[in-house]
Amino acid sequence: MADPQSTATGPAAPGTVPFRPGLEGVPATQSAICDIDGLRGCLSYRGYPLEDLAAHSSFLETTYLLIWGELPTPDQLRHFEHEVQMHRRVSFRVRDMMKCFPSGGHPMDALQSSAASLGLFYSRRAIDDPQYIYGAVVRLLAKIPTMVAAFQLIRKGQDPIQPRDDLAYSANFLYMLTEREPDPLAAHILDVCLILHAEHSLNASTFSARVTASTLTDPYAVVASAVGTLAGPLHGGANEDVLSMLEAIGTPDRAEAFLDEAIAQKRKVMGFGHREYKVKDPRAVILQGLAERLFDEFGADEMYDVARRLEEVAAVRLGPKGIYPNVDFYSGLVYRKLGIPRDLFTPLFAIARVAGWLAHWREQLGANRIYRPTQIYTGRSGRHWRPLHDRSAAAAT
Ligand code: CMC
């Protein structure tokens, strides 16, 4: 039986580790993939500042860096891009399976199911074989966007369209989604968004991926479990809620009253706050710049004025507690301008985060020990079973 004195962060029994809800501040792995300085608002992948990668790299190059630890040579990048391009198509069986999904279902649920189904098609589990690992990485990176785009068309009653081999990764995704070749600026900005979302240390979905990986199951199960975790509104799902929140506020002059009410009612303001950052999330800074570039090119979005006013008033009310805009605050405005439907915002996050999940999968396999933390039991003990006919509510206590 647990020590009844053990509370949320209260004193632990001698010799035991104190309980930390949400594992706050508890190191659960060692990792060389991504570093966050939450006080200065700095983020780096494999030692490279995010700002440099966003300005100069591509999503596939960054993915290579995350997974294999070094920037690719020109030959390595060409080969990797070619492999990903060659594996974009999904089997007609996967497409047929997706046609049976309810059209009103959430695309994250469709993605989780279809990602898991890849394990049926590629069932060999040779996780100590570098060729198998390379093949699985390529396949997941290549097919996840195709499956997201396929569900979008299928739920509208259309047949999915085939990927276009002459288009790069992000341009091809927009093409499969919208059935139009995208504007180069739109494709470039989407690619930068994917870089920004590719990795973020031991967040909930990555932790989920590592726990699943630690059982030595296949990488499709690893990614499917992470997709399910990302879907929640406290994690990747927040980007959808931000736009709904901005629309509910409606105009900049109503932002302050909205915030006061949210604080008074102890409601979370979506797109604000982060366990790691005590300043504005560096990804939000870059996304805001991308949003402005899009508005300059393709026309303004009045919700941007609402967002900026909300950020301004929140800096006064929430800033002293270290609560500032996170990655989800401006991403929805960018995606909306790119013509992406709202319930695809989180699947888009997943397309990017596959890179980080796979990097952690590989790292986990390199020094694996199954995750099996402990618990503090708070239930009862020493109870006696009674036959059904002998039970009443009073007797059960
Ligand atoms: N609005 C208002 N108050 C907040 C917010 C917010 N968005 N976030 C945290 N707080 C307050 C919270 O009420 C609490 O106050 P008090 O100590 O007075 O009770 C304090 O800050 C600590 O909050 P917490 O919920 O214990 O913090 P956490 O580290 O467990 O949660 C979080 C982090 C991101 C889940 C949380 O900030 C949140 O729910 N934000 C809104 C949802 C959101 O935008 N999620 C996206 C996260 S970033 C991308 C991703 O991970 O996918």
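Between GLU276, GLU292, GLU261, the distinction of being exposed (fewer than 14 other Cβ atoms within 10 Å of the Cβ) and either within 12 Å of the ligand (Cβ to nearest atom) or within 24 Å of ALA187 (Cβ to Cβ) (or both) belongs to GLU261 only. Here ILE323, ILE351, ILE340 are screened, and the one residue that is in contact with a strand residue (DSSP E or B) (Cβ under 6 Å, 6 or more places away or on another chain) and among the β-branched types (Val, Ile, Thr) is ILE323. Would you say GLU302 is in contact (Cβ under 8 Å) with a residue 60 or more places away in the chain, more than 10 Å from the ligand (Cβ to nearest atom), farther than 26 Å from ALA350 by Cα and more than 20 Å from the chain's Cα centre (by Cα)? When the stated conditions are applied, GLU302 does not pass them.
What's the number of the only condition in (1) within 14 Å of the ligand (Cβ to nearest atom); (2) hydrophobic (A, V, I, L, M, F, W, C); (3) within 25 Å of GLY47 (Cβ to Cβ); (4) part of a helix (DSSP H, G or I) that LEU202 fails to meet? Only one criterion in (1) within 14 Å of the ligand (Cβ to nearest atom); (2) hydrophobic (A, V, I, L, M, F, W, C); (3) within 25 Å of GLY47 (Cβ to Cβ); (4) part of a helix (DSSP H, G or I) is unmet by LEU202, namely (4).
Among the residues of the range 114-159, those that are of a type in the set (Lys, Arg) and surrounded by 13 or more Cβ atoms within 10 Å (Cβ to Cβ) comprise ARG125, ARG139, LYS143, ARG155. A single entry from ASP281, ASP241 fulfils the requirement of being at pLDDT below 95 and near the ligand (Cβ under 10 Å from one of its atoms): ASP241.
The set of residues in the range 30-40 being within 22 Å of LEU71 (Cβ to Cβ) and outside any strand (DSSP E or B) consists of SER31, ALA32, ILE33. Screening GLU179 against (1) outside the structural domain of GLY332 (by TED's automatic domain parsing); (2) modelled with pLDDT of 95 or more; (3) not hydroxyl-bearing (Ser, Thr, Tyr) leaves a single unmet condition, (2). If you check ARG293, ARG275, which single one turns out to be under 20 Å from GLY237 (Cα atoms) and either touching a His at 6+ places or on another chain (Cβ under 7 Å) or outside any strand (DSSP E or B) (or both)? Answer to the selection: ARG275. Within this structure, PHE329 passes the test of being over 17 Å from THR206 (Cβ atoms), touching a strand residue (DSSP E or B) at 6+ places or on another chain (Cβ under 9 Å) and either modelled with pLDDT of 95 or more or not in a loop (DSSP other than H, G, I, E, B) (or both). Against the test of being assigned to a helix (DSSP H, G or I), in contact with a strand residue (DSSP E or B) (Cβ under 9 Å, 6 or more places away or on another chain) and aliphatic (A, V, I, L, M), the options LEU111, LEU53, LEU43, LEU120 yield a single qualifying residue, LEU53.
Applying the condition of being under 18 Å from ILE249 (Cα atoms), within 12 Å of the ligand (Cβ to nearest atom) and among the aliphatic types (A, V, I, L, M) to the range 309-328 and asking which residue is surrounded by the most Cβ atoms within 10 Å (Cβ to Cβ) yields LEU310.
Matching residues to (1) in contact with a Pro (Cβ under 9 Å, 6 or more places away or on another chain); (2) surrounded by fewer than 16 Cβ atoms within 10 Å (Cβ to Cβ); (3) small (Gly, Ala, Ser):
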{"position": "PRO27", "(1), (2), (3)": "no, yes, no"}
{"position": "GLY47", "(1), (2), (3)": "no, yes, yes"}
{"position": "LEU53", "(1), (2), (3)": "no, no, no"}
{"position": "ARG78", "(1), (2), (3)": "yes, yes, no"}
{"position": "PHE101", "(1), (2), (3)": "no, no, no"}
{"position": "MET108", "(1), (2), (3)": "yes, no, no"}
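Answer yes or no as to whether LEU190 is more than 16 Å from the ligand (Cβ to nearest atom), over 19 Å from ARG139 (Cβ atoms), touching a Leu at 6+ places or on another chain (Cβ under 8 Å) and outside any loop (DSSP other than H, G, I, E, B). So LEU190 passes the test. Within the range 221-238, if we keep just the residues that are buried (at least 24 other Cβ atoms within 10 Å of the Cβ) and within 10 Å of the ligand (Cβ to nearest atom), the residue that is farthest from the chain's Cα centre (by Cα) turns out to be ALA238. Just so you know, in the range 160-174 the residues that are surrounded by fewer than 19 Cβ atoms within 10 Å (Cβ to Cβ) and free of Cβ contacts under 8 Å to residues at least 40 places away in the same chain include one that is farthest from LEU60 (Cα to Cα), and it is ILE161.
Condition test on GLU199, is it buried (at least 23 other Cβ atoms within 10 Å of the Cβ), assigned by TED's automatic domain parsing to the domain that holds ILE351 and either under 20 Å from LEU65 (Cβ atoms) or modelled with pLDDT of 95 or more (or both)?
Against the criterion (buried (at least 23 other Cβ atoms within 10 Å of the Cβ), assigned by TED's automatic domain parsing to the domain that holds ILE351 and either under 20 Å from LEU65 (Cβ atoms) or modelled with pLDDT of 95 or more (or both)), GLU199 qualifies.
For residues in the range 331-347 being within 16 Å of ALA186 (Cα to Cα) and within 12 Å of the ligand (Cβ to nearest atom), which is surrounded by the fewest Cβ atoms within 10 Å (Cβ to Cβ)? Only one residue tops the list, namely PHE345.
Got at least one residue in the range 209-220 being surrounded by 20 or more Cβ atoms within 10 Å (Cβ to Cβ) and within 13 Å of the ligand (Cβ to nearest atom)? Looking for residues that are surrounded by 20 or more Cβ atoms within 10 Å (Cβ to Cβ) and within 13 Å of the ligand (Cβ to nearest atom), one finds none in the range 209-220, hence no.
The values are calculated or read from the model by the stated rules, or taken from the named source; none is laboratory data. Everything quoted here is computed from the prediction, not taken from an experiment. When we count neighbours, we look across all protein chains shown, and the Cβ atoms used for this are built from the backbone with ideal geometry, even at glycine.
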